[in-house]
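Data block below; observations after.
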Amino acid sequence: MWDVVVVGAGPAGSAAARACAEEGLTTLCIEEHGTIGYPVQCAGLLSASALAECDVSKRSVTNEVSGARMVSDLGGELLFDARTTKAYVVDRCLLDREMAENAANAGAEFRLKTSASGIRGTALLTRGIRGREEIPFRLLIAADGPRSSIARMLGLRRAATYLAGVQADVPCAVDPRYVELHPNASPDFFGWVIPVTATRARVGLCAREGAKDHFERFIARYGETTLNLTSGVIPLGVMPQTYGSRALFVGDAAGFAKPTSGGGVYTGVRSAKHAAAVAAACLARGTLDDGSLRDYERRWREDFGRELDIGMKALRMRQKMTPQEIDRLCRVLNDPDIIETIVEHGDMDRPGTLIRKLALKPRLARAMGILFASGVRQILTG
């Protein structure tokens, strides 16, 4: 009988396994793939805060980024540089493996090539390299991605919207200091160019529909050579209930991807630590009913729940904007006072403060008109 069985060995799963093991809980983490960190389904850009939450070395880091360039494709452009590291470009395979190693060193056990196939009472049914097994548990932590099989088995509703992401490495000359954002590359989200080195970049985008076609048009700007084509899914919108039936949902399985960037490592690892703390408390008391597990949802909502709400409202506002309005926004933001505000208050993981600061800029409100005013009002008062 395991105290905790974690399903999925991505950053959220390994963080949960490590935190549970450090709490003294017998912990097993299962992973359906044969190699931790593969296949890669992430852009590989982590904020400084996210890398710190992972509690790893910098051996997975390939580049450090200090700013960003937003390009509208209609002439408008915005560049800001904090002149200090704000984000890290990482090799996700190396990052994920180091996090799993840290969890194993803390006492968690891992089983690869093992996938969940069902739940029978307090036993997780699995199939894989050991054949079919029944693994008894006291508590499950589901870290099994945006289309969580554990949520499906328990009949829990999942995220309302999913974006398809496509990305490829491209040999091209880039300024390694800046990430490029191209909002007009996708009608639903944006395209990105992430500098891996000065001569290589990760070029990709997300969209609700037609992601492949949008991607082919976007990447054509960067030549015909592409390497390491990857794809993935980003959940938008938190599942209505992130606990139930002796299970806690963390990371993408809960829908914790940030709507403003699509990143999920920061919220995934934060949620994993909250899940481990609640698991330890509930197991110590011997109370594993839904009423006791509800404390997990209270904890993550107090931590980053409002930021996810703000992010969703900001995304809906962006999706209403035409290419011309996006171009106008780039031009208006390209103002020394506004850039200073972005540099001072910009935070990839917690955008709420910056949005509120920008809402107080009369020049921005006047230039963007009713769309900006009504959208920001909804974000701030909703």
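Which condition does LEU181 not pass, out of (1) open to solvent by 30 Å² or more (accessible area, probe 1.4 Å); (2) of a type outside the set (Gly, Ala, Ser); (3) not in a strand (DSSP E or B), if it passes all the others?
(3)
Condition test on ASP327, is it modelled with pLDDT under 95 and in a helix (DSSP H, G or I)?
Taking the combined requirement at face value, the residue satisfies it.
List pairs: first residue in the stretch 6-28 and assigned to a strand (DSSP E or B), second residue acidic (Asp, Glu) anywhere in the structure, Cβ distance under 6 angstrom, at least six positions apart or on different chains.
Sorted first by the residue in the stretch 6-28, then by its partner, the pairs are VAL7/ASP144; LEU28/GLU109.
How do the pairs read when you match residues in the stretch 308-337 that are more than 18 Å from SER261 (Cα to Cα) with residues anywhere that are open to solvent by 80 Å² or more (accessible area, probe 1.4 Å) and part of a helix (DSSP H, G or I), using Cβ under 7 Å and keeping only pairs 6 or more apart or on different chains?
Close Cβ pairs (under 7 Å, with a partner that is open to solvent by 80 Å² or more (accessible area, probe 1.4 Å) and part of a helix (DSSP H, G or I)) amount to VAL332/ARG363; ASP335/ARG363.
Could you identify the single residue in LEU125, LEU139 that is at pLDDT 95 or above, surrounded by fewer than 16 Cβ atoms within 10 Å (Cβ to Cβ) and out of contact with any His (no Cβ under 8 Å at 6 or more places or on another chain)?
LEU125
Out of the residues in the stretch 16-50 that are aliphatic (A, V, I, L, M) and open to solvent by 10 Å² or more (accessible area, probe 1.4 Å), which is farthest from VAL179 (Cα to Cα)?
Residue satisfying both the conditions and the ranking: LEU25.
Taking the stretch 161-177 on its own, how many of its residues are under 16 Å from the mean Cα position of the chain (by Cα) and either farther than 21 Å from ARG92 by Cβ or open to solvent by 20 Å² or more (accessible area, probe 1.4 Å) (or both)?
4
Find all pairs meeting these conditions: Cβ atoms under 7 angstrom apart; at least six residues apart or on different chains; first residue within the stretch 260-286 and free of Cβ contacts under 8 Å to residues at least 60 places away in the same chain; second residue crowded, with 20+ Cβ neighbours inside 10 Å.
HIS274/TYR296; HIS274/TRP300; VAL278/LEU248; VAL278/LEU293; VAL278/TYR296
Only one of (1) crowded, with 16+ Cβ neighbours inside 10 Å; (2) modelled with pLDDT of 90 or more; (3) of a type in the set (D, E, K, R) fails for ARG318. Which number is that?
(2)
When only residues in the stretch 239-267 that are more than 26 Å from GLY191 (Cα to Cα) and polar (S, T, N, Q) count, which is least open to solvent (accessible area, probe 1.4 Å)?
This residue is THR242.
Cβ-Cβ distance below 8 Å, separation of 6 or more or different chains: which pairs start in the stretch 51-62 with a residue that is crowded, with 21+ Cβ neighbours inside 10 Å and end on one that is acidic (Asp, Glu) and in a loop (DSSP other than H, G, I, E, B)?
Going by the 8 Å Cβ cut-off, the qualifying pairs are SER60/ASP91.
The values are calculated or read from the model by the stated rules, or taken from the named source; none is laboratory data. Nothing here was measured: the structure is a model prediction, and the numbers come from that model. When we count neighbours, we look across all protein chains shown, and the Cβ atoms used for this are built from the backbone with ideal geometry, even at glycine. Quick note on the areas: whole protein, heavy atoms, side chains included, nothing else; ligands and nucleic acids left out. Shrake-Rupley method; radii C 1.70, N 1.55, O 1.52, S 1.80 Å.
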